[in-house]
Amino acid sequence: MSGEANSPEGNGKVSRVIRIGTRKSQLARIQTDSIAAKLKELYPDVHSEIVGMTTTGDKILDTALSKIGEKSLFTKELENALERNEVDLVVHSLKDLPTTLPPGFTIGAVLNYRFQRGNLNTRLKKLDEKDDFAAIILAAAGLKRMGWENRISQILEPEDCMYAVGQGALAVEVRARDADILEMVSVLHHPDTVLRCIAERAFLRQLEGGCSVPVAVHTEVKDSQLYLTGAVYSLDGSDSLKETMQTSIATAAADKILEEVDERVQRVGVTASKISGEAQDGAERLGVDLAKLLLSKGAKEILTVARQLNDAR
């Protein structure tokens, strides 16, 4: 824990102070403030200090990210601060985190802020000030959170447009050895979103894909079934593969007895000790199995060509 201080109410009680690292963008701050508020609600003696940082990805606004590499563009500075104990936890858009985290880190909470896309201010400014675009695709949830519902002209359904792995979910990353912080943030997990994201991340990792290659997913939890649709595309869209698989995430009551033993197990970087280990394993297998199915049908060749074309650019 970052430190202790006397209660601001002057009642003599000792309060705990935690430092939360985040990107400086307006949406990132709103998202981080919402997590700080949730922690305050759950742990009234905890006071949060928000530490804003500018990442490499934030500094590069005029170049496609696929042209400059994809590793840690929006996470490296935050993770460096976490490693140096300058912050106690960091908030990311889950889509920015690789499916294999650096040693010593883990995702301690996954929250259900689905379908947010990109830096809203920057992208809307490009739409408003340039003639290059007639429209732009953003997240309805993010626009609503910013109070900009009037900018939404059409909602795209999953059959119209799938999304990137982890798109719109929030991730709270912590040091894996910090058991108290890990326990604190674990109550923020949204169970269905955890399972959906584990399946998506396992799918991407098995494909050995990343944000610079065209891999898309859609997940849904319905009637104790987890559905995963995954697709890979050529860069020009002329070639694609798309399949859907499902698995049961219903678990026996006895599974709760096993949760304490399962405490430090990570699945594609996620630690979720209070969620059924059996369900998490099923979600991970679902992602792996769907990826293997697409690979057996030629996905590797499509992705290899896409990577080569990206590298050539």
Specify the residue that is surrounded by the fewest Cβ atoms within 10 Å (Cβ to Cβ); the eligible residues are those in segment 32-55 that are under 24 Å from residue 176 (Cβ atoms) and at pLDDT below 90.
53
Of the listed residues (200, 220), the one being among the acidic types (Asp, Glu) and in a strand (DSSP E or B) is 220
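When residues of segment 149-169 are filtered for being in a loop (DSSP other than H, G, I, E, B) and loosely packed, with under 15 Cβ neighbours inside 10 Å, how many remain?
Keep residues of segment 149-169 that are in a loop (DSSP other than H, G, I, E, B), which gives 152-162, 164-169.
Those left that are additionally loosely packed, with under 15 Cβ neighbours inside 10 Å: 152-161.
Number of matching residues: 10.
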Somewhere in segment 173-195, is a residue more than 13 Å from residue 294 (Cβ to Cβ), of a type outside the set (Lys, Arg) and part of a strand (DSSP E or B)?
yes
Residues that are modelled with pLDDT of 90 or more and within 30 Å of residue 295 (Cα to Cα): does segment 130-150 have at least one?
no
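The values are calculated or read from the model by the stated rules, or taken from the named source; none is laboratory data. These figures come from a predicted structure and were not determined experimentally. Glycine also receives a Cβ, built like all others from the backbone with ideal geometry; neighbour counts cover every protein chain displayed.
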